[in-house]
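Following: one structure in structure tokens, then a few remarks.
The values are calculated or read from the model by the stated rules, or taken from the named source; none is laboratory data. Treat the numbers as computed from the prediction; the structure is a model and nothing was measured. Every residue, glycine as well, gets a Cβ built from its backbone with ideal geometry; the counts of neighbours run over all protein chains shown. We work out accessible area using only protein heavy atoms, side chains counted, and drop any ligands, DNA or RNA first. Shrake-Rupley method; radii C 1.70, N 1.55, O 1.52, S 1.80 Å.
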Amino acid sequence: MAANIFRGLGIALVTPFHSDGSIDYEALDRLIDYQLSNGTDFFCILATTGETPCLTAEEKHQIKEFVVDKVAAQVPILMGCGSNNTAALVQELHNTDFRGIDGVLSVCPYYNKPSQEGLYRHFRAVAEASPLPVVLYNVPGRTGINLKAETTVRLAADCPDIVAIKEASGSLEQVDEIIKLKPDRFDVLSGDDALTFPMIASGAAGVISVIGNALPREFSRMIRLEFRGEYEPARHIHHQFTELYKLLFVDGNPAGVKALLHEMGFIENELRLPLVPTRVSTVQKMSEIVRNMGGAALFENH
């Protein structure tokens, strides 16, 4: 029976690009150093924030190898591995080289909108095929289907290698239902930066964060304060982030956090179509908020 090791602050790692569209490994190297030295507990690679649908198979392999070698087992690594074709995903799980990877993040099948029974059978097949612990990923806003609390709890009870869920339904009621009914060994992780504070207060074990790419020290401090039961200072940090949460996603993800990272001197502000950079007005507002938080030093050249 697997135990969940993905707790605390997880970073949904961006993929930096050069202006010619190629992957910027020097920038990725700097980002990982910055995040490791500022409170990151684990990485989540090759998922939504990494623009994975726009990467080739070879690029995905190269990124995986680079991150594994760079992190060098200092913290766990969770890798995205999902599909809306169950048989193809099972085959991928059998064939993928998971050297240096500690778990797989598997998103709900998208577009074809399976029933709850279909979702259950899909993830049971994933758990049986995966050589690593599985973290479910429920994000109805992207997939078009909600993995209901009862199905999540059923999977957690029946599949010992499913160890957690990244819950991004936006429903605190659903989060509470899962936490109330789940087995003790199964964890809930926030998949929504803006809901991380209330979710951890309700018993979630951490977050897979977008904002953590740029502000890992501040976000991890909020989480650690909550874990210690120090809710007032944690709430203060959460409220400082309130407007930033909205701005980061108003023009799509990862456009917002890439723009902020560019302002901080980490990466070029490049995305792959169909994604485009966030609006200049949004960038200006984000920069102002971070500076007002006392983050002027963050904008020094990295």
When (1) open to solvent by 10 Å² or more (accessible area, probe 1.4 Å); (2) modelled with pLDDT of 95 or more are applied to K246, the one that fails is (2)
Exactly one of (1) surrounded by fewer than 17 Cβ atoms within 10 Å (Cβ to Cβ); (2) more than 24 Å from L136 (Cα to Cα) is unmet by M1. Its number?
(2)
Kindly evaluate V153 against the criterion of being touching a strand residue (DSSP E or B) at 6+ places or on another chain (Cβ under 9 Å) and either under 24 Å from T49 (Cα atoms) or among the hydrophobic types (A, V, I, L, M, F, W, C) (or both).
no
Matching residues, the range 154-163, being in a helix (DSSP H, G or I) and open to solvent by less than 50 Å² (accessible area, probe 1.4 Å)
L155, A156
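State whether one or more residues within the range 277-284 are closer than 20 Å to G50 by Cβ and modelled with pLDDT of 95 or more.
Checked against the condition, which is being closer than 20 Å to G50 by Cβ and modelled with pLDDT of 95 or more, the range 277-284 yields at least one hit.
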If the Cβ limit is 9 Å and pairs must be 6+ apart or interchain, which residue in the range 234-256 that is more than 11 Å from D193 (Cβ to Cβ) and polar (S, T, N, Q) pairs with which residue that is assigned to a loop (DSSP other than H, G, I, E, B) and open to solvent by 30 Å² or more (accessible area, probe 1.4 Å)?
Q240/M293
Hey, among the residues in the range 48-66 that are open to solvent by 70 Å² or more (accessible area, probe 1.4 Å) and polar (S, T, N, Q), which one's farthest from G252 (Cα to Cα)?
Q62
The range 176-197, residues that are in a loop (DSSP other than H, G, I, E, B), in contact (Cβ under 8 Å) with a residue 40 or more places away in the chain and among the charged types (D, E, K, R):
R185
Looking at (1) under 19 Å from the mean Cα position of the chain (by Cα); (2) of a type outside the set (K, R); (3) not in a loop (DSSP other than H, G, I, E, B), which one does N253 not meet, given that it meets all the others?
(3)
How many residues of the range 11-62 are within 25 Å of D192 (Cα to Cα) and in a loop (DSSP other than H, G, I, E, B)? The answer is 13
Does the range 278-293 hold any residues that are closer than 20 Å to D193 by Cα and outside any helix (DSSP H, G or I), and which are they?
T278, M293
Filter the range 211-243 for residues that are open to solvent by 70 Å² or more (accessible area, probe 1.4 Å) and of a type in the set (F, W, Y) and give the result.
F227, Y231
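Table: residues versus (1) under 20 Å from N253 (Cβ atoms); (2) of a type in the set (S, T, N, Q); (3) touching a residue at least 60 places away in the same chain (Cβ under 8 Å); (4) exposed (fewer than 15 other Cβ atoms within 10 Å of the Cβ).
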| site | (1), (2), (3), (4) |
| --- | --- |
| V68 | no, no, no, no |
| M79 | yes, no, no, no |
| T86 | no, yes, no, no |
| L89 | no, no, no, no |
| G103 | no, no, yes, no |
| N112 | no, yes, no, yes |
| R124 | no, no, no, no |
| E128 | no, no, no, yes |
What residue, of I200, I267, I208, is among the β-branched types (V, I, T) and assigned to a loop (DSSP other than H, G, I, E, B)?
I267
From K166, K182, residue being at pLDDT 95 or above, over 14 Å from the mean Cα position of the chain (by Cα), basic (K, R) and buried (at least 18 other Cβ atoms within 10 Å of the Cβ)
K182
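Yes or no, residue by residue, for (1) touching an Asp or Glu at 6+ places or on another chain (Cβ under 8 Å); (2) over 22 Å from G206 (Cα atoms); (3) modelled with pLDDT of 95 or more:
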| residue | (1), (2), (3) |
| --- | --- |
| Q91 | no, yes, yes |
| F98 | no, yes, yes |
| G103 | no, no, yes |
| S115 | no, yes, yes |
| L132 | yes, no, yes |
| L172 | no, no, yes |
